[in-house]
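The values are calculated or read from the model by the stated rules, or taken from the named source; none is laboratory data. Remember, it's a predicted structure, so these values are computed and weren't measured experimentally. Glycine gets a Cβ as well: all are built from the backbone with ideal geometry, and neighbour counts include every protein chain shown. In case anyone asks, the SASA skips ligands and DNA or RNA and just uses the protein heavy atoms, side chains included. Shrake-Rupley method; radii C 1.70, N 1.55, O 1.52, S 1.80 Å.
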Amino acid sequence: MTDVIESFYKNITLNDVQLASVYYPILIDLAKHKHCLTYSELVERAKETHPSKLEVQNAIAVSTGRKLDVVRIFTAERDLPDLTSLIINKGAGECGIGFTQHFDPVVARDKVFAFDWSKVSTDFDGFIKHTETAILPKKRIKRPEALKVMSQYYSQHKVLLPSNITEQRELIIELLMEGFTPAEAFSQATVRAT
């Protein structure tokens with residue numbers, strides 16, 4: 001698991017950590033009540049809970065998986081059950097492919113629901129400070145530049161990309177705006193497209 005955790009750190013942004021810190025207490029509450037939410041319901045609940053946090057208000061469901069990866073790192077490092085199994089895809093009624101490729105969501109949820117969450121802190125601050133030092137800063141760009149970069153990369157690599165990659169357009173744009181290289185953004189989007 002250590003190798004998996006270290007590889008996650010390479011793709012984590014400060015925004016991922018900030019949103020994970022907001023999602024974590026919501027996930028603990030879901031675990032206590034043995035309930036699941038869709039990705040968009042999680043984002044909406046976070047927006048309702050934190051109306052003054054700009055990063056929360058700007059969050060979109062399509063990139064929630066990366067934020068949940070941060071929560072997964074946090075729980076794994078503390079030997080806690082994987083709370084991210086409580087977030088499901090609305091259409092499929094199950095966790096996203098990023099989860100199901102590596103974990104059994106039913107087994108993970110059973111562990112979450114059987115665990116006593118009443119003694120677990122919802123404090124994410126120490127983890128944020130530690131993670132911020134592990135994150136290499138990325139140069140953010142504005143949406144118009146991201147659109148231009150995306151278009152150029154797509155034109156140059158179209159034959160190598162999955163035919164349904166265009167369904168991940170908003171995710172690619174967000175990743176580019178957060179400072180990921182075009183290759184990194186398309187790579188992450190390709191995982192979701194397949």
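Using packing as a proxy for protection, rank 165-178, 12-25 so that the peptide with the highest average count of other Cβ atoms within 10 Å comes first.
Put in order of decreasing packing, that is 12-25, 165-178.
Take the Cβ-Cβ distance between ARG143 and THR190 as r, set R0 to 25 Å, and report the resulting FRET efficiency rounded to the nearest 0.05.
Calculated value: 0.70.
Would you mind computing, in nm to one decimal, how far apart the modelled labels at ASP116 and SER163 are, each placed 7 Å from Cα along Cα→Cβ?
Inter-label distance under the simple model: 5.5 nm.
Take the cross-link list LYS32/LYS67; LYS67/LYS139; LYS53/LYS111 and give me the ones stretching past 24 Å between alpha-carbons.
LYS53/LYS111, as the Cα separations exceed 24 Å there.
Would you mind classifying region 56-112 by shape? Square roots of the alpha carbon gyration tensor eigenvalues, ordered a ≥ b ≥ c; an a/c under 1.5 is rounded, otherwise it is prolate if a/b is larger than b/c and oblate if not.
oblate
State log₁₀ I(q)/I(0) for the chain at q = 0.08, 0.14, 0.20 Å⁻¹ as given by the Debye formula over alpha-carbon point scatterers of equal weight, solvent excluded.
Log10 of I(q)/I(0), two decimals: -0.26, -0.81, -1.59.
Please enumerate, by chain and number, the aspartates and glutamates with C-alpha under 16 Å from the C-alpha of LYS138, excluding those fewer than 8 residues away in the same chain.
Cα-Cα hits under 16 Å: ASP16, GLU174, GLU178, GLU184.
Measure nothing but the geometry: give the 0 to 90° angle between the long axis through the Cα atoms of 64-77 and the longest principal axis through the Cα atoms of the chain, rounded to 10°.
50 degrees
How much of the accessible area of region 18-163, in percent, comes from carbon and sulfur atoms when a 1.4 Å probe is used?
It is 53 percent, rounded to a whole number.
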